[in-house]
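The values are calculated or read from the model by the stated rules, or taken from the named source; none is laboratory data. If you're wondering where the values come from, they're calculated on a predicted model, not measured in any experiment. Here Cβ is always computed from backbone atoms with ideal geometry, including for glycine, and neighbour counts include all displayed protein chains. Only protein heavy atoms, including side chains, enter the accessible area calculation; ligands, DNA and RNA are left aside. Shrake-Rupley method; radii C 1.70, N 1.55, O 1.52, S 1.80 Å.
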Amino acid sequence: MAKIIVVTSGKGGVGKTTTSANFATGLALQGHRTVVIDFDVGLRNLDLIMGCERRVVYDFINVINKEAKLNQALIKDKHCDNLFVLPASQTRDKEALTREGVGEVLAELAEEFEYIVCDSPAGIESGALMALYYADEALVVTNPEVSSVRDSDRILGILASKSRRAERNEEPIKEHLLITRYAPARVDKGEMLSVENICDILCIPLIGVVPESQAVLLASNEGVPVIHKADTDVAQAYQDVVSRFMGDELPMRFLDAPPKPGLLKRLFGG
């Protein structure tokens, strides 16, 4: 049976779409047939990060409205045979998403894929509620800032009360905390919340810490998920997240600032 994972947060700009692209790619690289869906109707950024924006002909809303078959809208990833993208529409609004329509598309995808990753828009409006309604598990993405953590706490309440599982009194959505754009040096200066602070506030299991890195922007501009840049710390962090999701026990990395160079190194380099 397919597993539906929503990537969500209360605040915009925390890295949900980047996480959706890299998490889905990581699952596919491990051999799992995976599809990632853009629920951000009207904006549509996932196809840019995945490098398939020029290949969008039909979209999620076309499929819901029976204007196209699902296989016509799915876009095969350039770099990974097991990965497909279902883009959002740029010309409709989020009200075009209906619970019944989304459910039908997810049911059809579940017949073909092992993992369905839902890239949620920010906040708690209709598009975000549609993205999380059918979820089995959730990656709650937050930055180490008070406003981001507070909004993530709000999302945890929504996950617990407005999902299909909650309505049916079934086992709750399994929640995972992912901290992005973490800069240990700034944490040491008191400019950011620490991992411990965030975990104490949200009280859900930590699945990974993704360091702040210019590599994310460079990869996005290339239209390639940064997990393909294997020599970067961000790629390694996302690889760790996928491995932990699959049940591996790995030590948490990228929590500490690198040591400052000594006097001789500062004077002579090397």
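Would you mind calculating the relative contact order of region 3-268 from Cα pairs under 8 angstrom and at least 6 residues apart, reporting the percent as a whole number?
For region 3-268, the relative contact order is 23 percent.
Report the gain in length on full extension from Glu222 to Asn169: 0.36 nm times residue separation, minus Cα-Cα distance, nm rounded to one decimal.
That pair, Glu222 and Asn169, stretches by 14.7 nm at full extension.
Taking the Cα atoms of the chain alone, what are Rg (to one decimal) and Dmax (as a whole number) in Å?
Computed over the Cα atoms of the chain, radius of gyration and Dmax are 18.8, 68 Å.
How would Ser161, Ser213 rank on accessible area, largest to smallest, probe 1.4 Å?
Correct descending sequence by accessible area is Ser161, Ser213.
Suppose R0 equals 25 Å; then what is the FRET efficiency for Gln72 and Met1 from their Cβ-Cβ distance, rounded to the nearest 0.05?
The calculated FRET efficiency here is 0.50.
Which ³J(HN,Hα) values, rounded to whole Hz and listed in residue order, are derived for region 168-179 from phi using the Karplus coefficients 6.51, -1.76 and 1.60 in 6.51 cos²θ - 1.76 cosθ + 1.60 with θ = phi - 60°, glycine and proline given as x?
In residue order, the calculated couplings are 8, 6, 8, 4, x, 4, 7, 9, 10, 9, 10, 9 Hz.
Please give the calculated 222 nm ellipticity per residue for the chain, where each DSSP H segment of at least 4 residues contributes -39500 (n - 2.57) and the sum is spread over every residue; nearest 500 deg cm²/dmol?
-11000 deg cm²/dmol
Expressed as an acute angle from 0 to 90° and rounded to the nearest 10, what is the orientation of the C-alpha long axis of helix 233-245 relative to the principal long axis of the chain?
With both axes taken from Cα atoms, the answer is about 60 degrees.
Kindly state, to the nearest 0.05, the FRET efficiency for Ser243 paired with Asp188, given R0 = 30 Å and r defined as their beta-carbon distance.
My answer for the efficiency is 0.60.
Please list the non-local residues whose amide H lies under 5 Å from the amide H of Ala183, H modeled 1.01 Å from N, same-chain partners needing a gap of 5 or more.
Under 5 Å from the amide H of Ala183 lie the amide H atoms of Glu212, each far enough along the sequence or on another chain.
In the chain, with Lys and Arg counted as +1 and Asp and Glu as -1 at Cβ, which of these residues, Val195, Leu250, Ala110, has the Cα nearest the positive end of the dipole, that is, farthest along it?
It is Val195, whose Cα lies furthest towards the positive end.
Residue separation times 0.36 nm, minus the C-alpha to C-alpha distance between Val57 and Val146: what's the value?
28.0 nm
If the limit is 24 Å between Cα atoms, which of Lys94/Lys174; Lys3/Lys69; Lys11/Lys94 go over it?
The pairs that break the limit, which is 24 Å between Cα atoms, are Lys94/Lys174.
Whole angstrom only: what separates the Cα centroid of region 180-239 from the Cα centroid of region 60-82?
30
On C-alpha positions alone, give me the angle between the axis of helix 16-29 and the longest principal axis of the chain, in degrees, nearest 10.
The angle comes out at about 80 degrees.
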